[in-house]
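Student: First the structure, which I've put down as structure tokens, then a few questions once you've had a look.
The values are calculated or read from the model by the stated rules, or taken from the named source; none is laboratory data. None of these values were measured; they are calculated from a predicted model. Heads up, the Cβs are rebuilt from the backbone with ideal geometry, glycines too, and the neighbour counts pull from every protein chain shown.
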Amino acid sequence: MDKLIAELEELTKQGLLELGSMDYEQVVEFMERRTLIVDELLEHIPSLREKIIYKGRIQAVLSHDHAFIAKMMEHKDEASLQLAKLDKGRTQRNAYDMDSAYDVGSVLFDKKK
């Protein structure tokens with residue numbers, strides 16, 4: 001269990017150092033690696049003594065979650081903006097492509113008197 005917690009601490013420390021430059025794929029890879037370690041930790045049923053020993057270390061790792069969540073939200077917001085731009089472009093393109101929707105005979109022209 002000590003090895004897993006040390007691995008989780010090291011992964012978290014490395015993640016914090018690289019967090020500013022992480023792109024979406026790197027954040028996903030980090031979270032997947034972290035999940036594997038946490039899943040292994042959850043398979044182990046700690047004794048009362050182990051709970052006391054490791055509680056502070058685990059809380060220290062968890063205290064950095066807000067930074068990783070903020071980075072994920074940043075990527076989510078960026079993706080939302082890009083999707084909105086694509087949707088706007090699609091809407092504009094569809095408006096121009098509607099030329100075939102209007103029949104020449106159905107368009108009225110005003111004439112000056």
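Student: Of everything in segment 32-55, what is in contact (Cβ under 8 Å) with a residue 40 or more places away in the chain and in a helix (DSSP H, G or I)? Give them in sequence order.
Tutor: The initial filter retains those residues of segment 32-55 that are in contact (Cβ under 8 Å) with a residue 40 or more places away in the chain, namely 41, 44, 46, 50, 54.
Of everything in segment 32-55, those that are in contact (Cβ under 8 Å) with a residue 40 or more places away in the chain and in a helix (DSSP H, G or I) turn out to be LEU41, GLU50, TYR54.
Student: Name the residues in segment 17-38 that are out of contact with any Lys or Arg (no Cβ under 8 Å at 6 or more places or on another chain) and among the aliphatic types (A, V, I, L, M), would you?
Tutor: Filtering segment 17-38 down to residues out of contact with any Lys or Arg (no Cβ under 8 Å at 6 or more places or on another chain) leaves 17-18, 20-21, 23-26, 28-38.
The answer is LEU17, VAL28, MET31, LEU36, ILE37, VAL38.
Student: Then there is this: Can you tell me which of ALA79, ALA95, ALA60, ALA84 is small (Gly, Ala, Ser), in a helix (DSSP H, G or I), more than 19 Å from the chain's Cα centre (by Cα) and modelled with pLDDT of 90 or more?
Tutor: Details: ALA79 fails: more than 19 Å from the chain's Cα centre (by Cα); ALA95 fails: modelled with pLDDT of 90 or more; ALA84 fails: more than 19 Å from the chain's Cα centre (by Cα).
Of the residues listed, the single one that is small (Gly, Ala, Ser), in a helix (DSSP H, G or I), more than 19 Å from the chain's Cα centre (by Cα) and modelled with pLDDT of 90 or more is ALA60.
Student: Please determine, by comparing only the residues of segment 6-30 that are part of a helix (DSSP H, G or I) and in contact (Cβ under 8 Å) with a residue 40 or more places away in the chain, which one is nearest to ALA79 (Cα to Cα). So that I can check it myself, show each step before the final result.
Tutor: Initial filter on segment 6-30 (part of a helix (DSSP H, G or I)): 6-21, 24-30.
Imposing the further condition that a residue be in contact (Cβ under 8 Å) with a residue 40 or more places away in the chain reduces the set to 8-9, 12, 15-16, 19, 24, 27.
Working: LEU8: 29, GLU9: 30, THR12: 25, GLY15: 21, LEU16: 22, LEU19: 18, TYR24: 10, VAL27: 14 Å.
So the residue we want is TYR24.
Student: Next question, about the same structure. Let me confirm something: among ILE45, ILE5, ILE58, ILE53, which residue is touching a Lys or Arg at 6+ places or on another chain (Cβ under 6 Å) and either at positive phi or of a type in the set (Val, Ile, Thr) (or both)? Even if it seems obvious, please write down each step before you answer.
Tutor: Values: ILE45 fails: touching a Lys or Arg at 6+ places or on another chain (Cβ under 6 Å); ILE58 fails: touching a Lys or Arg at 6+ places or on another chain (Cβ under 6 Å); ILE53 fails: touching a Lys or Arg at 6+ places or on another chain (Cβ under 6 Å).
That would be ILE5, the only listed residue that is touching a Lys or Arg at 6+ places or on another chain (Cβ under 6 Å) and either at positive phi or of a type in the set (Val, Ile, Thr) (or both).
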